[in-house]
Each structure stands twice: as C-alpha cells, then as structure tokens.
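Contents: one structure, followed by commentary.
The values are calculated or read from the model by the stated rules, or taken from the named source; none is laboratory data. Note that this is a predicted model, so its numbers are computed, not measured. Note: ideal-geometry Cβ built from the backbone for every residue, glycine included; neighbour counts use all protein chains shown. These area figures cover heavy atoms from the full protein model, side chains too; ligands, DNA and RNA do not enter into them. Shrake-Rupley method; radii C 1.70, N 1.55, O 1.52, S 1.80 Å.
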Amino acid sequence: MNFPIRRKLLITILIFNICLCLPSIIHAKERIAYTHLTDGYWQIWVMAPDGSEKQQLTFSKFDKRDPAGVTKDNGILFRTHNGELYLINMAQKDERRILPALSNINNPHYNALKNEIVFVRFEPSAMDLSEIWKANLDTQAVTILTHDHKAKFQPYFSTDGSTIAFVKSGENKSYHIWLMDADGSNEHRVTSEKGFNLSPAFSLITNQIIFSSNHNENDYDIYSVDMISGKVSNLIRHPGLDTSADFSPDGKNIVFVSNRSGVQQIWTANIDGSSLKQLTDDPSAESLDPAWVDIRE
C-alpha cells in the first residue's frame, strides 16, 4: 500500500467534515437514490434507508443512471444514456439539463459545499480513453483535470471538495484507486493489490475510503482503507459480486450492490460488515448505482 498522503490535510478534512456536515445531516431526510430497471429502462428511484417508501422519480423510454447527490436547490443529478447531465427537482419533479454544451458524460459526483460536479468524459473515437473533468454550477466554469490519456472513471469528491478519488488503469490490465487535489495536481496511487480496484467513496465522517476489489479469489468484495495508516480492511466478503458501495452520512453504515440473492440488488450493512439487509427484492429486475443522500424537506 503506497500512501504519500499528507497527515495534516487528512486531519483538517476530518475536522472540517464533522463541523460542517453534521448540522445538515440532522435537518435532512436521509434517502438512498438508485437506478432500477423499470419497464425495460433504467430509471432513478429513491427509498428510505430501511428499504421502505420506494418512489420512482424519472419516467422515460431511455436509460437514466448514476444519481449523483442532492444539489443546493434540492435536486438529484443523473446522466442519460447518451451522456447528458440532468437534474430533477425533488419538489416539483421537473427535469432540466445541466451543462448543455457537454456530452459523453459519465460517473458524475456532486460536492454540495462547493456546488461542483466531477465527472468523466470518454473519447468518442476510443472508449477506453477518458479524462476527468470538473464543473462549477455557480460560474459554469469547466476544467479538465487529467491529461494522461489513460482509462479513468468513477471520480468521487471528498466532503470538503479538496480531494478527488478515482479509478485509473495500470499495468497488467489492473485498475487502481488514485487520489488527486481538486485542481488535478498531486496525483498518487492508493491501492497496490492486483486486479480491479473500483468504486471509491469517501466517508463523510471518518478518514476512510471504501472500494470494491477482485484481488482475492477473483470475486468482488468490499474493502475500506484508512487514509492515515494505510490499513486495508475487508468489510463485505461473499462468493459473487459485492460492489458500488457508499457510506451513510454518519459513517456507521454502507449501502452496496450484491448479486448474492440471484440478481443485482441494493443491500445495506453496518460499517463492520454485520447486520446485512436486502433493500430491493425484485427478482426480475436489477437495482444499481446506490447513493446515500440527504433530501431537505
């Protein structure tokens, strides 16, 4: 585990997260946003953290994926099948396109503190090449953060917006978790395990990143890495697929995708992997892309 991470920065982020995020968590309604295969198309849904109160938000004859957090005007971001970025307002349920000059967008993630989005754009002529971009929704300023012409995807902001975790291709057909500053500088690799290390997510409260890896016995399990000590812990282990994990706002639980019940569904667990609970249970249709969000009432 190679960890050239500044201890001072991590402690600052941790204190900042606790001080600024807890008030909003207390006064918000927790929901899990996700995509569910509905009448042949992926659509955006939300549900309570216990799996109750499932609600379909989008309705279309094309796919809508990757719910990406709740904006300051209480809208959930998502991307369409053709790489356009949209926002659906949680009150009026109306949809409007964000960043209309850009297409080929994938894997968006939103930072509420800075009102910024980080996302991937693939090269139209070479879909195995991609760069990470950032956009400010207040100024509409758009910045390309990476320039090395390698495959990159799944960027994820830290809570204070100062750091971005992402996946980048490596040697011997491997993929690793990387970190960089929000301006694209100071890139450094986090994982050293062989295979595919995917789907990084920062904890809002602790100094952990959660990710999925197939380095152990070639099936995907969920791990966490402590960003100060570098210690890696196996949180969820099961034959098959466990991936796409996200932390609850208080850092005590995770939501993730698993096919342990037959098809891919949404599950939750305590941070130590105990108290597993299946939240979606449609045996004929999958549910993917979980994101633990706070919706203001």
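Structural remarks
- Any hit, segment 160-171, residues being touching a residue at least 60 places away in the same chain (Cβ under 8 Å), part of a loop (DSSP other than H, G, I, E, B) and surrounded by 18 or more Cβ atoms within 10 Å (Cβ to Cβ): yes
- Checking each residue in segment 246-280 for being acidic (Asp, Glu) and modelled with pLDDT of 95 or more picks out only Asp246.
- Failed criterion for Asn259 (all others in (1) under 16 Å from Pro290 (Cα atoms); (2) open to solvent by 50 Å² or more (accessible area, probe 1.4 Å); (3) in contact with a helix residue (DSSP H, G or I) (Cβ under 6 Å, 6 or more places away or on another chain) hold): (3)
- Residues considered: Ala112, Ala141. Of these, the only one that is of a type in the set (Gly, Ala, Ser) and touching a residue at least 12 places away in the same chain (Cβ under 8 Å) is Ala112.
- Those residues of segment 209-234 which are surrounded by 21 or more Cβ atoms within 10 Å (Cβ to Cβ) and either without any contact (Cβ under 8 Å) to a residue 60 or more places away in the chain or not in a loop (DSSP other than H, G, I, E, B) (or both), in sequence order: Ile209, Ile210, Phe211, Ser212, Ser213, Tyr220, Asp221, Ile222, Tyr223, Ser224, Val225
Every residue, every condition in (1) more than 24 Å from Asn104 (Cβ to Cβ); (2) not aliphatic (A, V, I, L, M), yes or no:
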{"site": "Leu145", "(1), (2)": "no, no"}
{"site": "Asp160", "(1), (2)": "yes, yes"}
{"site": "Tyr175", "(1), (2)": "no, yes"}
{"site": "Thr206", "(1), (2)": "yes, yes"}
{"site": "Phe211", "(1), (2)": "yes, yes"}
{"site": "Asn214", "(1), (2)": "yes, yes"}
{"site": "Tyr223", "(1), (2)": "yes, yes"}
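- Filter result (under 17 Å from Thr38 (Cβ atoms) and either out of contact with any Pro (no Cβ under 8 Å at 6 or more places or on another chain) or open to solvent by 20 Å² or more (accessible area, probe 1.4 Å) (or both)) within segment 67-106: Pro67, Arg79, Thr80, His81, Tyr86, Ile88, Lys93, Glu95
- Taken together, Ile32, Ile76, Ile44 contain a single residue that is at pLDDT 95 or above and in contact with a Leu (Cβ under 6 Å, 6 or more places away or on another chain), which is Ile44.
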